[in-house]
Amino acid sequence: MTQAFDADGRMRHLLTLDGLSREQLCALLDRAGNIRDAAMGRTQKRSTLCGTTICTLFFEPSTRTRSSFQIAAQRLGADVVNFDASSSSARKGETALDTLKNLEAMGVRGFVVRHPEDGAAEMLAAYAGEGTTVINAGDGRQSHPTQGLLDMLTLRQSKGPDFSRLKVLMVGDVRHSRVARSDLQALRTLGAGEIRVCGPAPLLPDDDTLAGCVTGEDFDSMLEGVDAVMMLRLQRERMEEGLVASLEDYHRAFGLTAARLRRAAPDAVVLHPGPVNRGVEITEEVVDGPQSLVLRQVSNGVAIRMAVLEALLG
Ligand code: CP
């Protein structure tokens with residue numbers, strides 16, 4: 001694993017939440033919680049990253065992660081370059097590493113990387129120059145650390161800091177989800193009381209991703225009494241054919257409806273990382289309903305990304 005910390009113990013890259021201590025996670029959550037006004041643009045732009053150029057280096061589509069990193073960097077005073085693989089020399093065969101090296105040669109110091117291959121951000125971090133920082137904005141099925149952090153901030157704001165009291169249910173396509181892996185790592189580190197995972201057997205991983213979790217295929221019984229339901233998107237772009245019979249069957253068995261949600265605790269909250277397949281993993285009524293924290297997650301994304309950029313590059 002590429003060293004994410006420098007010789008002084010300062011975090012240099014953020015590649016995964018695996019291995020971060022509870023104190024390190026909480027420090028980022030605390031900082032994000034304290035800069036919410038700045039993150040929402042309600043205070044003047046800061047100058048913390050004035051003179052620093054950051055590149056969002058995306059080889060996969062994104063709405064939330066890319067925009068919120070851009071907004072976060074700009075609200076900290078950084079200059080931002082948005083690299084779009086579909087209109088770049090990647091189309092002519094240039095590798096991700098050559099792309100990074102060329103942008104480094106232009107003085108870019110921070111790279112926010114999204115890539116379809118597991119381990120891509122770690123590989124780029126391994127070859128990056130000494131003063132360069134790499135932040136993983138989602139690699140393959142492996143890791144999406146800032147999504148994990150923003151989900152924990154959202155849970156903490158609504159349920160309080162003591163995760164040991166929480167029963168959390170994660171639902172859906174865990175096998176192909178980097179969000180699920182980062183969320184599970186963070187939930188364990190923060191000491192979640194009970195983690196339940198529900199989905200069709202072909203969409204549940206058979207490695208140690210689910211260690212310590214209660215797993216099952218009966219969504220109705222798994223929902224009983226939970227405090228938070230974390231829905232996942234069906235990652236059809238990463239899925240082999242035939243893993244899900246049909247979207248209608250999937251919705252019947254694993255779609256979160258208002259009627260189903262009544263099985264959870266009365267004050268249960270619903271999270272979804274987006275983009276949402278309305279009517280597949282979750283109904284309109286639930287995603288737009290009073291228990292949904294989906295847009296709060298999006299707002300928290302800016303605060304978390306400001307906290308991460310500040311910690312690594314400030
Ligand atoms: N949650 C998330 O990663 O969304 P985007 O793919 O739109 O960035």
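The values are calculated or read from the model by the stated rules, or taken from the named source; none is laboratory data. Every value quoted in this text rests on a predicted model; they were computed, and no experiment measured them. Here the Cβ is made from the backbone with ideal geometry for all residues, glycine too, and neighbour counts use every protein chain on show.
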Selection within segment 28-42 - assigned to a helix (DSSP H, G or I) and either in contact with a His (Cβ under 7 Å, 6 or more places away or on another chain) or touching a residue at least 60 places away in the same chain (Cβ under 8 Å) (or both): L28, L29, R31, A32, G33, R36, A38, A39
In segment 43-59, which residue that is in a strand (DSSP E or B) and aliphatic (A, V, I, L, M) is farthest from the ligand (Cβ to nearest atom)? I54
Scan segment 65-94 for residues that are within 25 Å of the chain's Cα centre (by Cα) and either outside any helix (DSSP H, G or I) or within 16 Å of the ligand (Cβ to nearest atom) (or both) and report the count. 20
Please work out which one of (1) outside any helix (DSSP H, G or I); (2) of a type in the set (A, V, I, L, M); (3) away from the ligand (no atom under 16 Å from the Cβ) is the condition L103 fails and give its number. (1)
Reported set for segment 288-311 where residues are under 16 Å from I35 (Cβ atoms) and either crowded, with 19+ Cβ neighbours inside 10 Å or acidic (D, E) (or both) is N300, G301, V302, A303, I304, R305, M306, A307, V308, L309, E310
Lone qualifier among T95, T56, T99, T43 - being closer than 30 Å to T189 by Cα and among the hydroxyl-bearing types (S, T, Y): T56
crowded, with 18+ Cβ neighbours inside 10 Å, more than 12 Å from V171 (Cβ to Cβ) and modelled with pLDDT of 95 or more, is that true of V269? yes
Are there any pairs with C-beta distances below 8 angstrom linking a residue in segment 283-297 that is within 13 Å of A259 (Cα to Cα) to a residue that is polar (S, T, N, Q) and surrounded by fewer than 19 Cβ atoms within 10 Å (Cβ to Cβ), with the two at least 6 apart or on different chains, and if so which? T283/T257; E285/T257; V286/T257
Qualifying residue in segment 262-276 (condition: of a type in the set (K, R), without any contact (Cβ under 8 Å) to a residue 60 or more places away in the chain and more than 28 Å from H144 (Cα to Cα)): yes
Does S62 meet the test of being modelled with pLDDT of 95 or more, assigned to a loop (DSSP other than H, G, I, E, B) and small (G, A, S)? yes
Output the number of residues of segment 217-258 satisfying the condition of being surrounded by fewer than 15 Cβ atoms within 10 Å (Cβ to Cβ) and either more than 25 Å from L155 (Cβ to Cβ) or in contact with a helix residue (DSSP H, G or I) (Cβ under 7 Å, 6 or more places away or on another chain) (or both). 15
Count - residues of segment 177-190 that are crowded, with 20+ Cβ neighbours inside 10 Å and either out of contact with any helix residue (DSSP H, G or I) (no Cβ under 9 Å at 6 or more places or on another chain) or modelled with pLDDT under 95 (or both): 0
1 or more residues within 16 Å of the ligand (Cβ to nearest atom): qualifying helices (runs of 4 or more DSSP H) within segment 210-314: 284-287, 294-313
